[in-house]
1. Please tell me which of these pairs span more than 28 angstrom C-alpha to C-alpha: Lys32/Lys92; Lys130/Lys243; Lys86/Lys154; Lys241/Lys311; Lys32/Lys199?
2. Using Cα pairs closer than 8 Å and at least 6 residues apart in sequence, work out the relative contact order for segment 10-134, in percent.
3. Under the rule of at least 5 residues apart or a separate chain, name every residue whose amide H is placed under 5 Å from the amide H of Val435.
4. Over 27 Å between C-alpha atoms is what I'm after, so list which of Lys250/Lys316; Lys6/Lys28; Lys131/Lys466; Lys52/Lys352 land there.
5. Per residue of segment 110-122, in order, report the coupling 6.51 cos²θ - 1.76 cosθ + 1.60 (Karplus, θ = phi - 60°) as ³J(HN,Hα) in whole Hz, putting x for Gly and Pro.
6. If ligands, DNA and RNA are left out, what is the accessible area of Ser40 with a 1.4 Å probe, given in Å² to the nearest 10?
7. Relative contact order of segment 309-395: what whole-number percent is it, with Cα pairs under 8 angstrom and at least 6 residues apart?
8. Going highest first, how would you order 286-295, 87-96 by mean Cβ packing within 10 Å?
Amino acid sequence: MSDNKKSMLCLSIRLHTKSVKKYEDVLKSEYKSTGNNPVSSTTISRSFGNGKVFSLTDLTNRPEWAGETAILTNNKVDISNNSFSKAVAVFKVESGNGKKRFMSLTFGRGDSLLDSVRYINDFGRNVAAKKISGFKVTATDSFQITDRIIQSAKQYVSMQNVGIEALINSQSEFASSISGNFTNGEIETRLHGHDELLKATRFMGWDEVKNDLQYYLNVYLSRATMAGWATRVTKINGGLKQKLDSALTKGMISGRVEYAIAWSTFREVNLLTTTLLKRIPDISPTEQLSWYIKYRQTKDPNYNSDQLSSKIKQTKLVATVEGDQPENIPLYRGILADLVFEKQRYLLYNGKWYQVEQQFYDEIVQKITNIPVCNIELPELKVISDKAGTPHYEDEGSYNIRLANSVIGGTLFDKVNFNAHLGSDFRGPEEPADVITTSRNLFFVKKGNSSAALSHLFLQGLVSAKLLAQGGDW
């Protein structure tokens, strides 16, 4: 095949750490020449650059559903094993300042050959954020932290694209991947950056790949600034990372830190579990870790954060994908957490700590500070004793009645619903507020016993305000 023959190529690119001194260093130990499952090594043709291809071929596995079809057909259907191969091409690339770095391209499931400790964890996201202008962003994966941690994927499906502002539309939302287009020369390239992985798709020949790798390496190493939406968080390294790990596990043991566990990339898996213990309840990974902590505390009242940190870093998060073998990653990479440490806010995502940008955080604080404070005096919440003499606070309904009677022009609307008209962004019955006054004051009441209740309180006010702003008969 001619070196100059062009086609639409989609390259899955990773940049490896400075600790990689030779091609084989990028591999997991089991796949190295001294490992128990060594890969084949082939030198890349010099016309394509300096590098080697490592591969495993003619691999087989049994489809998960083979047993199910055997049951349904009384073993009359013979399902053969799947056959597959995987490979990774490793290039030695020289940057603009003359430094040599190793970069890799994966094929099939070639990423499973790589040692995840040996690649740069923000390479893909960093390059995509630098090269894709805001209005050319077409899709993003994000994680949002409110009273819960939510991962989501969004993309434009219409011809009209207004950019990143319509995809990342909340100040509690942070982009973990970015997709869009940019032009390098005459050819438009589609980029997708997610943590360490950069996917670059364009019409090109294989002889152009070495120059593209050098280009993306220089983009990563450059001091070019990224847009504000892409710099809301900054990766943390060094000694602070260990302090944050310790604060996190202390919070997990005390129950003062909220966290969740999910697969580190946005994908559907059939089963997600951990290797914490051989015998553990069939529950979610988040619940498994919580259960494990309580179990250890019953066995050892002095169980501490260092022991938990060590256990987490030894444990695997295991995912099963249909038609493939189970995959695993360190459990630590699957933990998502929000932590306040020494008056700064940090996020743990995909095994990396990020500090929330101070300017971004200050802007949020300023917006909250500028919210007008209502000067209407509200009645105190009553403490009532039950028949057994146990004191407790009055219920929400009773308080709303007293509130309506205590404020000037107050009317009780608790549990009074009105239907939103068709054509509205909202459907069905909605409660405008718990109490409304003739001076257009709307009161929403919730007991402050959880962050979820607070979130619902603000959402209730937002929905009501939007419906009232739309006018009509609602």
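The values are calculated or read from the model by the stated rules, or taken from the named source; none is laboratory data. Since we're looking at a predicted model, the values are computed, not measured. We place every Cβ from the backbone using ideal geometry, glycine too, and count neighbours over all the protein chains shown. All accessible areas refer to the heavy atoms of the entire protein, side chains included, with ligands and DNA or RNA removed. Shrake-Rupley method; radii C 1.70, N 1.55, O 1.52, S 1.80 Å.
1. Lys130/Lys243; Lys86/Lys154
2. 34 percent
3. Distant-sequence amide H within range of Val435: Phe413, Phe443.
4. Exceeds cut-off: Lys6/Lys28; Lys131/Lys466; Lys52/Lys352.
5. x, 5, 6, 7, 7, 7, 5, 6, 9, 10, 6, 6, 10
6. 70 Å²
7. Result for segment 309-395 is 13 percent.
8. Ranked by mean Cβ neighbours within 10 Å, highest first: 87-96, 286-295.
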